[in-house]
Every structure is written in structure tokens, then in C-alpha cells.
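Participant: Submitted below is the structure of interest, expressed as C-alpha cells.
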Amino acid sequence: MQIALALLIAAVVGIGVHFALPHRQNRGVMVAPAIAAAVGTIVWAALTWAGVGIDNPWIWLAAIVVPLVIAVPVVLALSRTRVRGDQRERERLGLV
């Protein structure tokens with residue numbers, strides 16, 4: 001059941017990532033939270049399978065830090081790719 005808390009914590013981290021990073025108007029509102037939630041859940045499951053208990057603070061810290069560390073560069077890369085793609089499409093259509 002605690003994996004649900006890890007998922008929720010990671011999703012909240014993803015919401016913060018969405019609003020903290022530029023170009024949020026060019027990506028879906030659920031992109032960053034979905035990436036962070038997936039990463040947080042995977043990390044939690046991996047640590048649980050490795051024998052780390054819920055009473056260990058490292059598992060909780062990992063549920064916050066690892067999704068942040070992974071989501072930020074992924075969301076930045078996706079945003080840059082989207083902005084470049086939109087610019088190429090505008091040029092192709094002669095709108096620029």
C-alpha cells in the first residue's frame with residue numbers, strides 16, 4: 001500500500017517540475033507528473049525488492065529525489081524537441 005504514497009509523492013514532484021520548467025504551454029499538463037510517477041513507482045518497487053523497508057528513510061528520499069532528477073532533463077528534452085518541431089512546421093507552412 002505504501003507504493004501508492006510513493007506514486008502520489010512522485011506525481012506531486014512532477015507537478016512542480018511542470019510548473020517550474022519553461023515551455024509548459026507546449027507540452028501536456030500530465031507529461032511531467034506521469035514521468036515522475038512512473039519513475040517513483042519503479043524506484044520504490046526496486047528498493048522494496050532489494051529488501052529496503054518502509055521504515056528506512058532512504059526509500060522515502062528516493063521517492064522524492066529520483067523522480068526529480070529523471071523528470072527534469074526528460075521534460076526539458078521533450079519541450080525543446082516540441083518547440084523545434086513546431087518551428088519547423090511553421091516554416092514549412094510559410095507562417096514565419
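Participant: What is the helix-to-structure angle for 2-20, meaning the angle in degrees between its Cα long axis and the longest Cα principal axis of the chain, kept from 0 to 90 and rounded to the nearest 10?
Facilitator: 30 degrees
Participant: How many percent of the alpha carbon pairs in segment 2-93 exceed a separation of 19 Å? Present the calculation step by step, with values, prior to reporting the outcome.
Facilitator: Values: 1811 of 4186 pairs.
When all Cα pairs of segment 2-93 are counted, 43 percent exceed 19 Å.
Participant: Relative to the longest principal axis of the C-alpha atoms of the chain, give the angle of the C-alpha long axis of helix 57-93, reported between 0 and 90° and rounded to the nearest 10°.
Facilitator: 10 degrees
Participant: Right, here's the next one. Give me the distance in nm between label points sitting 7 Å out from Cα along the Cα-to-Cβ direction at Arg92 and Ala77, one decimal.
Facilitator: So the label points at Arg92 and Ala77 sit 2.2 nm apart.
Any read-out appearing in this document is the output of simple, stated calculations on the displayed coordinates, not a laboratory observation. These numbers were taken from a predicted model, which means no experiment stands behind them. No Cβ is skipped: glycine too gets one built from the backbone with ideal geometry, and neighbour counts run over all protein chains shown.
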